[in-house]
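Engineer: My questions will all concern the structure given below.
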Amino acid sequence: MRVLLVEDDEPVAESLRRGLMRYGFEVEWVTTGRAALDHPGPYDVVLLDLGLPDTDGLDVCKALRARGDVPIIVISARSDETDRVVGLEIGADDYVSKPFGVREVIARIRAVMRRARPRTPAEAPGSGPDRYGPRLTVDRKAARVRLDGEEVALAPKEYDLLAFLTEEPGALMSREQIMEAVWDANWFGPTKTLDVHVAALRRKLAGAITIEAVRGVGFRLEIVEDGGGDPGTGTDSAAS
Ligand code: CA
């Protein structure tokens with residue numbers, strides 16, 4: 001996912017950029033409103049500081065919104081309620097006040113993206129299940145998972161967890177984000193149940209996906225792209 005970061009404060013921008021990249025985001029960083037509006041894109045979401053050297057961030061927000069519906073998250077040092085209200089009124093999707101942690105920003109990005117493209121494009125009528133690599137498909141309409149064409153029996157929360165992690169393969173998801181998305185909006189308790197569900201998915205979908213634990217942070221799901229040489233079905237990809 002590509003983020004356009006519009007922020008003139010270098011230390012803030014640098015730490016945010018590094019933090020976002022650590023979680024698998026690509027970051028395009030510009031320092032002025034002009035450069036933001038001139039940026040050719042494409043990007044999936046805009047993080048927009050309001051206090052810019054050349055223009056008011058609110059004007060940039062308005063101009064970006066007039067062009068299309070890219071999600072915009074306003075970031076500002078001004079803890080002024082008016083800014084927040086005005087920002088949201090002129091089309092920002094969400095708002096974070098400085099100082100903020102990178103995880104908070106990422107949680108907002110994910111929330112905004114989920115609202116922007118409800119689940120996945122595959123939910124459009126008539127389209128089939130989502131395919132992840134050569135072996136795994138997830139049918140989000142029917143909540144069914146198939147491995148090599150065979151349905152895999154998943155517990156409801158195992159399915160929810162897989163559906164969440166496959167929204168963005170390769171991205172590092174924190175435990176908090178996962179707990180919030182899959183279990184409960186306000187989960188602050190122990191997350192042992194998450195490990196149990198991760199272990200179940202690893203076992204049931206071995207060879208199709210990997211779920212890497214990143215110590216102290218969370219998990220990263222990766223798709224196994226090269227079939228892994230399943231010995232049972234020797235169907236070669238010669239036909240086309
Ligand atoms: Ca600024």
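What follows is calculated from the coordinates using simple rules that are stated; it is not laboratory data. Just so you know, these numbers come straight off a predicted model, no measurement behind them. All Cβ positions, glycine included, derive from the backbone under ideal geometry; neighbour counts span all protein chains shown.
Engineer: Could you check the simple spin-label distance between Asp139 and Arg202, using points 7 Å along Cα→Cβ, in nm with one decimal?
Structural biologist: 2.9
Engineer: Could you work out the relative contact order of region 2-116, using alpha carbon pairs under 8 angstrom and six or more residues apart, expressed as a whole percent?
Structural biologist: 23
Engineer: Follow-up question, since we're still on this one. Sorted from fewest to most neighbouring beta carbons within 10 Å, what does the list Ser97, Ser15, Ser76 look like?
Structural biologist: Ser15, Ser97, Ser76
Engineer: Can you tally the net charge around Ala13? Count Lys and Arg as +1, Asp and Glu as -1, for every other residue whose Cβ sits under 14 Å from the Cβ of Ala13.
Structural biologist: Here the count lands on -4.
Engineer: What percent of all Cα-Cα pairs in region 127-223 falls into each 10 Å bin, going from 0 up to the bin containing the maximum distance?
Structural biologist: Result returned by the calculation: 16, 53, 27, 4.
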